[in-house]
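This report refers to the structure that appears directly beneath it.
The values are calculated or read from the model by the stated rules, or taken from the named source; none is laboratory data. Keep in mind the model is a prediction, meaning the values are calculated, not measured. Counting neighbours? That spans all protein chains shown, and the Cβs are built from the backbone with ideal geometry, glycine included. For the accessible areas, the whole protein counts, side chains as well, though only heavy atoms, and no ligand, DNA or RNA atoms are used. Shrake-Rupley method; radii C 1.70, N 1.55, O 1.52, S 1.80 Å.
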Amino acid sequence: WQHVIEFKDGAESYTSAAATSPDGKLIAVCALVDSINWIYLFNSSAGQVVAQLPNHTWKPAGVVFSADGEMLYSAGGDGAIRRWDMNTMNQLPAPMGRHGSAVIAATPLGQLVAYADDLGAVRIVNSRTGETLRQIPSSAVRYSELTFSADKNQLAGGGVKEDQVCVVVWDCSNGNELHRWELPKGEVSLANVDSLAFSADSKRLAAAVFWHDKAYLWDLSDGKQVAELQHPQIKGLSISVDSEQLATVGWDAKIRFWDARSGRPQQELDLATLNDGKDLRMSGICFSPRSDSLATTHRDGAVRIWNRADMSLRNRLAVRGVFDDIACAFSPDGAWLATGVSSGEVTIWDPRTGNQMWDFGQHQQRVVKVGFADEGRSLVSGGEDGVSYLWNLMPDISSVELEFPQLWLALGSSTQRDAYRAMWQLSQSGEPAVPYIESKLTALRTVIDLEAMVRGLDAGEAERRQRLMRQLVSKDARIELEIRVRRAVSLLGSLSTPSARRLLEQLADSHPLEKLRNAATDELRSLASPSTP
């Protein structure tokens, strides 16, 4: 007998391995057909298909039966060894427990983390205890993206199911499915969900599909599609914190802005006009929670920070991710930017200065997802090594005991790790830190943007001017560095105490410096977004 498996589009399709059960009754065959990576089980006498084993996510390449024929083992390009019960034809759990994946999401202002496990189930866990709060059973959908709504009530997943691109929304409280959209893959079997984003008010959901050259926008009140946004080679999207604007980017090196309510086009920025000789194709974009900037990730191995008001280039972070997608995310207060790159490194940056604040560790392969969790205390990352990590972002400050004046100076230190430690130590000080910060900020009459002041100067002149400005600041309590002021305002927001909020309101309402009023206003606006449960 023979069995022919038809394929549709001529994508990489072949059989790669075969094994016969000890009693000769079953034949297992690894078959890669289009984008489906199944193991087929045949009745050896007649060639009938007994079962199709679907859980390998990439190129099953080896199969072997146990000596008693009760179990089948398989391995493949996804780096997993799987075992199957030949009585039920179901996959058995890994002996050491369940495995994770690169697909992970977190609530920046809450304690929820969601990840797709190795068996296709989606699990929602408490980021502090690791306790599984909810399990969404395994389905035929292989998820590539997960994201939480800002109010933490909904979780969305995007992926593929045979010849369909799927987006699903669940209720986090009970795991029930609220919405499901299925879109034909079309002519390309590799079509998948490349980016997924809720609006901050949880009224809209957007998904980008590279092989469709478009983004989809849905209304979450009734599940109806609002618009299809045409963007050739789209890779990433993000919705502003005010839920008013949707931005899309792609390998066409263009940033497109849309009305997040209606999907109507608003503005287009072609980065090819920069003519800087770099590969400016983009894989991702994210709005800052402060609404003043946004970040784009590029194929030249850089993250670019843009001024949202006029889309002028504010900064360029040279990360090690040449010709690979770069994962990035802002912290809830917008003070930090996390990146994950092709080398596997996970890094925290100051997006305003472009300085690296901390390097926490790395995956064994390319990082595909990063996100802040638990009010910025933690970071999640997912890598192509099939592992998701939850990182504790707090540096070791147990051996560093500094008084408030020393910590204040460290906030504006040119040594970035000192500034990062100072932020954390002041945040751990809690309420007692507020009066000292108030004494510093209320006395200010001039703020110096040190980075802007030396931009375009040669290294020697820039160093000389920075030294002079720092000396001036140290001698006059009415003058301060803008970066130190920004970090202090961000710190007031993260403290979340009544006195810290009152000080922010006072600064926003009546401080004579416009920059300080604006910074406090932005911080209060971010605090008004959905809070931690």
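Compared with the alpha-carbon gap, the fully stretched path from Ala272 to Lys515 is longer by 84.2 nm at 0.36 nm per residue.
Summarise the accessible area of the chain (1.4 Å probe, protein heavy atoms) by the percent that is carbon and sulfur.
Here it works out to 49 percent.
For helix 482-495, what angle does its Cα long axis make with the longest principal axis of the chain, in degrees from 0 to 90 and rounded to 10? The two axes meet at around 60 degrees.
Test of understanding: extend the Cα→C-beta vector of Thr442 to 7 Å, then name every residue of the stretch 500-525 with backbone N under 17 Å from that spot. It comes to 500-513, 516-517, 520, nothing else. The C-alpha atoms of the chain define a longest principal axis, and helix 498-510 lies at about 60 degrees to it.
Distance from a point 7 Å along Cα→Cβ of Trp1 to each backbone N in the stretch 27-41: keep the residues under 11 Å and list them by number. Within reach of a label on Trp1, which here means backbone N under 11 Å from a point 7 Å along Cα→Cβ, the stretch 27-41 contributes 27. The residues of the stretch 1-88 present an accessible area of 53 Å² per residue when probed at 1.4 Å with all protein chains retained.
From Cα pairs below 8 angstrom and at least 6 apart in sequence, can you work out the relative contact order of the stretch 165-233, rounded to a whole percent?
Values: 126 pairs, mean separation 14.4, N = 69.
Relative CO of the stretch 165-233 lands at 21 percent.
Just to check, using Stokes-Einstein with a Kirkwood Rh over alpha carbon pairs, what's the diffusion coefficient of the stretch 421-533 at 37 °C and 0.692 mPa s in µm²/s? Approximately 218 µm²/s, per Stokes-Einstein. With each label modelled as a point 7 angstrom along the Cα→C-beta vector, the Asn90-Ser138 pair spans 0.9 nm.
Would you calculate the volume per residue, in Å³, of the smallest convex hull containing every Cα atom of the stretch 414-453?
On the way: hull volume 2.9 nm³, N = 40.
Spread over its residues, the Cα hull of the stretch 414-453 gives 73 Å³ apiece.
Taking only Cα atoms, what is the 0 to 90° angle, nearest 10, from helix 514-527's long axis to the longest principal axis of the chain? It works out to around 30 degrees. On alpha-carbon atoms, Rg over Rh for the chain using Kirkwood Rh? My calculation puts Rg/Rh at 1.03.
Reported value for the stretch 109-213: 96 Å³ per residue, from the convex hull of its C-alpha atoms.
Given the pairs Lys161/Lys278; Lys185/Lys254; Lys278/Lys475; Lys161/Lys254, which span a C-alpha to C-alpha distance of over 32 angstrom in this model? Can you show the working numbers first?
Working: Lys161/Lys278 37 Å; Lys185/Lys254 24 Å; Lys278/Lys475 43 Å; Lys161/Lys254 30 Å.
Checking Cα-Cα distances, Lys161/Lys278; Lys278/Lys475 exceed 32 Å.
Can you give the FRET efficiency to the nearest 0.05 for Gln48 and Asn176, using r as the Cβ-Cβ distance and R₀ = 51 Å? So, using R0 = 51 Å, E works out to roughly 0.85. Skipping prolines and chain starts, which residues have an amide H placed within reach, meaning under 5 Å, of the one on Ser243, given they are 5 or more residues away or on another chain? Counting only residues 5 or more places away or on other chains, the set is Ala200.
Residues whose amide H lies under 5 Å from that of Ser378, counting only those 5 or more places away or on a different chain, are Ala373, Leu393; hydrogens are built 1.01 Å from N in the peptide plane.
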